[in-house]
Every structure is written in C-alpha cells, then in structure tokens.
Amino acid sequence: MLAIRALQGIRHRAISTSLCVHGGHGGVTKIENYTLPAYFDRRENPLPDICYVQELSPEQRSLKEKEKGSWAKLSNEEKIALYRISFKLSFAEMNQGSGEWKTVIGGMLFVVGLAGLILLWQRKFVYGPVPHTFEAEYKEKELQRMLDMRINPIEGISAKWDYENKQWK
C-alpha cells in the first residue's frame, strides 16, 4: 500500500514537471536577452556568434542580396559596409591602444598626492612636538651611557669600542 502511494506521488510530480517544461500555467514563456548569444569584439575570439547589426535597414538588405553575387562587382565602400554589418571593429581597431593608461596614472598620482597632503596635515595638527630623545645631544649621552654600562659586550656596541684608547675599533 505504501508503494502504491509513492508511485502515485511520482506520477503527479512528473505531470507537474512536464507542465513547467511547456511554459507552466498555460502561458507563453519569455526568452530573456541574457540567454541569447551576444556580440563581443575580442582579439581572442575574432569571429563572434552573431552579427553586429541584427535589424537590417532596406539598403543593408539590398547590399546583402548583392553580396550573394560576384564580389568583383562590389565597390570598396560596399565591401566595408558589408563588413560593418557583421563586425563593429576591425582587427586593427581592436589592437589599437587606448588612452586609458593616462587616466589610471592620473588617478594614482591624485591618490598619492592626497595621501601626502593628509600626511602633512597630520604632522602639523595631529602629532605633537618631536620628543627630546631624538635630539643629537641626547643620542650622544645615550651612547656614552651604553658604553659605560658595557651593554652587549660580545657582538654589540661595546665590542666595537676600545676602552683603553677611548675610540672605536
């Protein structure tokens, strides 16, 4: 009896799933634009999936009809127009450099300049005066005290001081 109920549930599920596949609830399903192939100009993929121009004007349609004939009869402008129907940029135009690097360098210099201004502002208004321990006189006294105490006599500063001649080795 349990198996019969399980099979009935599968049968109802299969019916509901098949309804979803056909559009569900009797409505027409709308195909979203992101599901269709898109046009991209890329050096890695020189032949895109679709043409650049999707909706052709009447003159473009007549040009497409002429394309089916001999290409020797086409002028250079018509050949370029046919190319522009299929592609937005030529390979040379894709390889052409852009001026974007100037914007990037300008942005980086702006950020560095702004950081410098913030640093100058902090030195003037945020930080206090320089401590007296950074003065040359204090540093000399500190060095003399370290030598008098014979600090780190094996490999350190005291090892490099000649105590008999009172000069550096």
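Since every read-out is calculated from the coordinates, none of them should be taken as a lab result. Since the model is a prediction, treat every value here as computed from it, not as a measurement. Glycine also receives a Cβ, built like all others from the backbone with ideal geometry; neighbour counts cover every protein chain displayed.
What to note about this one:
- For the listed residue pairs Lys30/Lys64; Lys102/Lys124; Lys141/Lys166, the alpha carbons are over 22 angstrom apart in Lys30/Lys64; Lys102/Lys124.
- Within a straight-line Cα-Cα reach of under 17 Å, Lys169 can be paired with the following lysines, leaving aside sequence neighbours fewer than 8 residues apart in one chain: Lys160.
- What the Cα atoms of region 28-163 give is an Rg and a Dmax of 36.6, 104 Å.
- The alpha-carbon atoms of region 30-84, seen along their principal axes, cover 41, 30, 15 angstrom, with the largest extent given first.
- Placed amide H near Trp161: partners under 5 Å, 5+ positions off or other chain: Lys169
- Candidate cross-link partners of Lys66 among the lysines, defined by an alpha-carbon separation under 17 Å and a same-chain spacing of 8 or more, comprise Lys79.
- Neighbourhood net charge (14 Å Cβ-Cβ; Lys/Arg +1, Asp/Glu -1) for His132: -2
- Alpha-carbon Rg/Rh ratio, for region 76-145, with Rh computed the Kirkwood way: 1.61
- Ignoring aspartates and glutamates fewer than eight residues from Lys68 along the same chain, the ones with Cα atoms less than 16 angstrom from its Cα are Glu59, Glu78.
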